[in-house]
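The structure appears right after this line, and notes come after that.
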Amino acid sequence: MPAFFNHLSEVLYQVLECVGVNPWVVERRRHTFLHREAAWDVDEHQEGIDSTHFHFGSQSEGTTTPGMQSDTDLLYTRNKVNIMFSWADWQQGRENLLMVREDTPPQHYLLQLIDEDAPQPVTHIDDPDCVTDSQGRVFYSNMEVARIWAEVCGDRHLRHGPSNSNREDCDVVTALHCTTLPPEIMSWFTKMQDAYWPSQETLQAARMCGCFLVPVGHHGSVNESIEWRITPNLIERLLMLSLNMVPLKCLVVLKMLKNQEFVKHIHCENCKITSFHCKTALFFTLNRTPPTVWTKSRLIECIVRCLQTILEFLNQGECPHFIVERVDLFDGKLCRECQLSLERAIRGMIQDDMHVLFHLQSDDLGQRLLAFSHDVRPYPGDDVNAGICGKLVKDMFELYLKTFTITCSRLCNNDAADVYTSLNNEITLLQDRAVNARATQYDKNYIKFIVKCLMSVKASVTSSSCIQSGQPLPQDIWQLYGKSLNTDVASSKLKLASMHYCQGELQRAASVLNEVEFDLDDSVQPVCGCGIVPPNDKLSKKFCEYTVHDDSHEQLAKKLAFCVRFLREEKFCAPQFLWCEMYRVVGDDVDHQDVIERDWIDWAEVDARPFLLYLQYLTYRGLGVRHRQLEALYGLEDIVTSVDKLGQLYHPETVFNLFGHCWEQEGDVQAALHAYNASLLIRPRNNAANWHKQRLELMLNNNRQSV
């Protein structure tokens, strides 16, 4: 290797630290995605669904950077299904599926339906997702999952291999877990006994991982629709978690080269080299290379060794799977012509002493490398790392709020008393789960958060019922509000202030609003779980910097502002004007709802900062403090007339509606109509502005007729 490689390796190592490939950010990524897994698992368990979720891929491993814009990969498995490798694995009362290998391609199996009540094959079933062969055996099709996704998502359904999604940046794989490892995986353990890597401890843990069957057949196979592919994702994740920073950085550079340089030499439309090819090359290189090579000063040498492994694959025309035997990862991915073209390109990179590194554009890596090489540091890494932490926190709490939305949707009905009982039961079940011996710390953190959110709803539902009936609030309501006030910096407190306003306790409402106004500074990040992505979805710089220093849920909540939500069962705790948001559907609007919207479209949802200003306007109007009332009105006007601020709202149409109502209170009907029309430009359907506009136009017509 060239002599300058050692110095350049040290520089590259430091540059990668600056773009998020460092122990601190990698650890934060991994913990964040384990929290996300817990949220999915707990939420579905509460719905009575026995399932487990796993995040795989670069986001959860920490082998990505902001510039790489990596997808999020989620695998979902139903635990009620029992995968049988032999008849001895049959279990009574479970959905039993027997793995059958009959002339199927490598890595693929058929799944035969076995009776739940006796260890015998199912011979007849009236199910479109099952196929019966000439021998009367019934096999489970791999098309069911895609069919369900297509029905739910319609035109937004995206399918790539075994993954389904309604978003480009997220792949969801529904898989079946097999606790018994098949022979083509078991043979790997024997081959690894005398290798440099992985360690014996890692191998021992890997034996307990099992594998997954994912719903995708081998391309071109006659049984493609009923074949299932085995994949050792958990073993691969275990291997990735065992690595130190040098191989992780090595993989990141390989993927950057793959995204930029490798793609230039692939000419066929259907050919591509994937991140998994790069990871496979890393695994084989680690397996063959002494641990002494994997050091900071030899990072570029490690990258070259991995490239030489890829060259070996390209030369032989086959990329073997690191774990599963007899599998060619080039099959269906990279034709021979593209393999030879890529081989020439990689040889050129190595012969050119890896000068290609100085031309990498992702995260300005080439420019950073050049600058660091000349001891110039114009690219500090603090902002990048803070931005990564901020996004991880925001995305995690958006998921938390999304699951909370699903929970509320499940608990809601038209009888407030039943909702109160359902909330009590839900909270009790969650608290019981938290003290269960099987609960992880990630489970407990999520449960603690979601219980506080449910307590906020419970307090509001109780208060709403009392206000409706004219009864005084029970004394324990204040304890309930107190437990829920720190869900975030604003939303629960705003609901408390709104309740005081609805009770006519304007001074108390003003006191709470002043507290929220003080806390709601420019370091606070808005977050919502409605599934909407604001046009200007940027992160507060101060918020990102805050997330660097503390990752506890309680501390992070102090810098998050959730959208304020009122269920119909809480409506007497909300200003009456907001009730229209709960009945915004007009005519055939229901046919134009997004699948995600259906969970919250019958509730009032509004961004925290505009709702603060709206409540201040109403409260100070009632108190007769005109200058504070006008301050709130002008604050709302500043939001709706600023492209930047308006673009950061999750529910801008609702904010325009509130703004219009303020102008109604001011007696300016034309200004109010202008606001409602602006709201309808954003959301023509499923918008309460339709009611408000019709009401005002009718009033104006009546006034004209009376004149």
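The values are calculated or read from the model by the stated rules, or taken from the named source; none is laboratory data. Only a predicted model underlies this, so the values are computations on that prediction, with no experimental measurement involved. Cβ atoms come from the backbone with ideal geometry, glycine included; neighbour counts cover every protein chain shown. Each accessible area value is taken on the protein alone, full model and side chains, heavy atoms only, with ligands, DNA and RNA left out. Shrake-Rupley method; radii C 1.70, N 1.55, O 1.52, S 1.80 Å.
Taking Cα atoms only, the orientation of helix 416-434 departs from the longest principal axis of the chain by about 40 degrees.
Sort region 505-658 into rounded, prolate or oblate with this rule: let a ≥ b ≥ c be the square roots of the eigenvalues of the Cα gyration tensor; rounded if a/c is under 1.5, and if a/c is not under 1.5, prolate when a/b is larger than b/c, oblate otherwise. Verdict is oblate for region 505-658.
Separation of region 509-586 and region 289-348 by C-alpha centroid, Å? Result: 49 Å between the Cα centres. For the chain, find the longest principal axis of its Cα atoms and tell me its angle to the long axis of helix 336-351, 0 to 90°, nearest 10. Between the helix axis and the principal axis of the chain, the angle is about 90 degrees.
Charges were assigned to the Cβ only: +1 to each Lys and Arg, -1 to each Asp and Glu. The resulting dipole of the chain about its Cα centre is roughly 1300 debye.
Rolling a 1.4 angstrom probe over region 529-617 with all protein chains present gives an accessible area of which 51% lies on carbon and sulfur atoms.
Test of understanding: extend the Cα→C-beta vector of Leu158 to 7 Å, then name every residue of region 192-230 with backbone N under 20 Å from that spot. Under 20 Å, as judged by backbone N against the label point of Leu158, lie 215-216 of region 192-230.
As a rough guide to protection, the peptides 167-176, 671-680 ranked by mean Cβ packing within 10 Å, highest first, stand as 671-680, 167-176.
For every helix of n ≥ 4 consecutive DSSP H residues, a contribution of -39,500 (n - 2.57) applies; sum these over the chain, divide by its total residues, and give [θ] at 222 nm rounded to the nearest 500 deg cm²/dmol. Rounded to the nearest 500, the figure is -16500 deg cm²/dmol. Karplus-derived 3J(HN,Hα) values for region 257-263, using 6.51 cos²θ - 1.76 cosθ + 1.60 with θ = phi - 60°, are 5, 4, 5, 9, 8, 4, 5 Hz; glycine and proline are entered as x.
Extension gain, Gln441 to Gln479, is 11.1 nm, computed as 0.36 nm per intervening residue step minus the present C-alpha separation.
The distance from the alpha carbon centre of region 31-56 to that of region 151-206 is 17 Å, rounded to a whole number. Just the protein heavy atoms count here, and of the accessible area of region 424-484 at 1.4 Å, carbon and sulfur take up 49 percent.
Judged by the mean number of other Cβ atoms found within 10 Å, the most tightly packed of the peptides 296-304, 458-466 leads the ranking 458-466, 296-304.
Each of His124 and Asp594 was given a label point 7 Å from its Cα along the Cα-to-Cβ line. The distance between the two points is 4.7 nm. The local environment of Val19, defined by Cβ-Cβ distances under 12 Å, has a net charge of -3 under the rule Lys, Arg +1 and Asp, Glu -1. Given a 1.4 Å probe and the protein chains all in place, what does the accessible area of Ser225 round to, in Å² to the nearest 10? Taking all protein chains as shown, Ser225 has close to 60 Å².
Note on semi-axes √(5λ) of the Cα gyration tensor in Å: of the candidates [x] 45, 28, 25; [y] 49, 30, 24; [z] 51, 33, 24, the value calculated from this structure sits at [z].
When +1 charges are put on Lys and Arg Cβ atoms and -1 charges on Asp and Glu Cβ atoms, the dipole computed for region 586-707 relative to its Cα centre reaches about 500 debye. In this structure, the amide hydrogen of Thr174, modeled 1.01 Å from its nitrogen in the peptide plane, lies closer than 5 angstrom to those of Tyr76, Asn164, counting only residues at least 5 positions away or on a different chain. For Thr72, the residues whose amide H sits under 5 Å from its own are Cys170, Asp171, ignoring neighbours fewer than 5 places away on the same chain, with H placed 1.01 Å from N. Would you mind counting up the charge near His265? Only other residues with Cβ under 15 Å from its Cβ, with Lys and Arg at +1 and Asp and Glu at -1. Cβ neighbours under 15 Å give a net charge of +2.
Calculated accessible area for the chain comes out at 43 Å² per residue, all protein chains present (probe 1.4 Å; ligands, DNA, RNA ignored). Once you keep just the Cα pairs under 8 angstrom separated by 6 or more residues, what percentage relative contact order results for the chain? Relative contact order here is 11 percent. Express in whole angstrom the spacing between the alpha-carbon centres of region 684-698 and region 435-497. Centre-to-centre (Cα) distance: 33 Å. With K and R counted +1 and D and E -1, the other residues having a Cβ less than 15 Å from that of Leu282 yield a net charge of +4. In the chain, the longest principal axis of the Cα atoms and the axis of helix 652-666 are about 10 degrees apart. Secondary structure note: in the chain, about 70% of the DSSP beta bridges are antiparallel.
Across region 459-466, coupling constants 3J(HN,Hα) worked out from phi with the 6.51/-1.76/1.60 Karplus curve, θ = phi - 60°, read 4, 6, 4, 4, 5, 4, 5, 5 Hz, and Gly and Pro carry x.
Computed from phi, the 3J(HN,Hα) profile of region 643-648 under the Karplus parametrisation 6.51, -1.76, 1.60 (θ = phi - 60°) reads 4, 5, 6, 5, x, 9 Hz, with x in place of Gly and Pro.
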